[in-house]
Amino acid sequence: MTSRLFFISPAVSASLRQARFDDGGSIDDGGAEQARSAAGSLPPAVRVLVSPGVRCRETAAALGLDGVVTPELGGLDAGRWRGRTLDELAAEESEAVGRWLTDPASAPHGGESVQDLCGRIGRWLATAPETDGRTLAVVEPEVVRAAVVRALDLPPTAFWRLDVPPLTVTELSGRAGRWNLRLGRPLAGPHAD
């Protein structure tokens, strides 16, 4: 049984444009339009999952997807940094930000560490092969990063070295605990099986 997981990153939002920790804001008009225009580019799936975040739910709706909200696929809990920009935090808490960006086990914001996020997504991935066929999952960029880190058995420090542009697909396919990776396919245009 081969599982194919298509992780779709959300459309652009004000938070994303401003390098702001997710604050629960909506995708912007341009992002919604891009998602609507890409709606026909997704392959059929046996299941559709959506991160509980607003921008993921709105992106899924704009893509014409009716998915199951899946808390295990939620974005990183940034604790008291929620809604703040990285520039603001670097000016106020430079040592804490530096520690967070270099030590995957650090969580100076009081939320979830990168290591914890990678562990949570890894536990979810361990159950994903139980589903034969395609799964589409609209998730935050950090969830895509964590999935790649865990699927390829990379060190958690690799998390920050992975870029996930808006409205792209990162595909994992595999079985029996072995994953293959296909990165960053844009949603526009025909899909390749």
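Quick notes on this one:
- Residue among 51, 41, 3 that alone is touching a residue at least 40 places away in the same chain (Cβ under 8 Å) and crowded, with 22+ Cβ neighbours inside 10 Å: 51
- Those residues of the range 9-31 which are in a helix (DSSP H, G or I) and either buried (at least 19 other Cβ atoms within 10 Å of the Cβ) or in contact with a Leu (Cβ under 6 Å, 6 or more places away or on another chain) (or both), in sequence order: 15, 16, 31
- Among the residues making up the range 73-98, those that are in contact with a strand residue (DSSP E or B) (Cβ under 8 Å, 6 or more places away or on another chain) and either in a loop (DSSP other than H, G, I, E, B) or of a type in the set (D, E, K, R) (or both) are 83, 84.
- Top-ranked residue of the range 73-89 - restricted to ones that are of a type in the set (A, V, I, L, M, F, W, C) and in contact with a Gly (Cβ under 8 Å, 6 or more places away or on another chain), ranked as most open to solvent (accessible area, probe 1.4 Å): 76
- Residue match in the range 31-38 (condition: more than 18 Å from the chain's Cα centre (by Cα) and under 26 Å from residue 120 (Cβ atoms)): no
- The set of residues from the range 116-134 being β-branched (Val, Ile, Thr) and open to solvent by 30 Å² or more (accessible area, probe 1.4 Å) comprises 127, 131.
- Scope the range 55-72; condition out of contact with any strand residue (DSSP E or B) (no Cβ under 6 Å at 6 or more places or on another chain), in contact (Cβ under 8 Å) with a residue 40 or more places away in the chain, assigned to a helix (DSSP H, G or I) and surrounded by 17 or more Cβ atoms within 10 Å (Cβ to Cβ); matching residues: 62
- Checking each residue of the range 17-30 against the condition of being free of Cβ contacts under 8 Å to residues at least 24 places away in the same chain and either under 18 Å from residue 137 (Cβ atoms) or aliphatic (A, V, I, L, M) (or both) gives no match.
- Enumeration of residues in the range 90-105 that are surrounded by 13 or more Cβ atoms within 10 Å (Cβ to Cβ), of a type in the set (A, V, I, L, M) and within 23 Å of residue 144 (Cα to Cα): 97, 101
- Selection within the range 149-167 - open to solvent by 50 Å² or more (accessible area, probe 1.4 Å) and among the aliphatic types (A, V, I, L, M): 152, 154
- Under the condition of being charged (D, E, K, R), within 16 Å of residue 179 (Cβ to Cβ) and over 11 Å from the mean Cα position of the chain (by Cα), the residues counted in the range 114-148 number 4.
- Test result for residue 100, over 15 Å from the mean Cα position of the chain (by Cα) and touching a residue at least 60 places away in the same chain (Cβ under 8 Å): no
- The condition of being farther than 24 Å from residue 35 by Cβ and among the charged types (D, E, K, R) holds for residue 93.
The values are calculated or read from the model by the stated rules, or taken from the named source; none is laboratory data. Predicted, not measured: the structure shown is a model, and the values here were computed from it. Quick reminder, even Gly has a Cβ in these numbers, built from the backbone with ideal geometry, and neighbours come from all protein chains shown. What goes into the accessible areas is simple: the full protein's heavy atoms, side chains included, and nothing from ligands, DNA or RNA. Shrake-Rupley method; radii C 1.70, N 1.55, O 1.52, S 1.80 Å.
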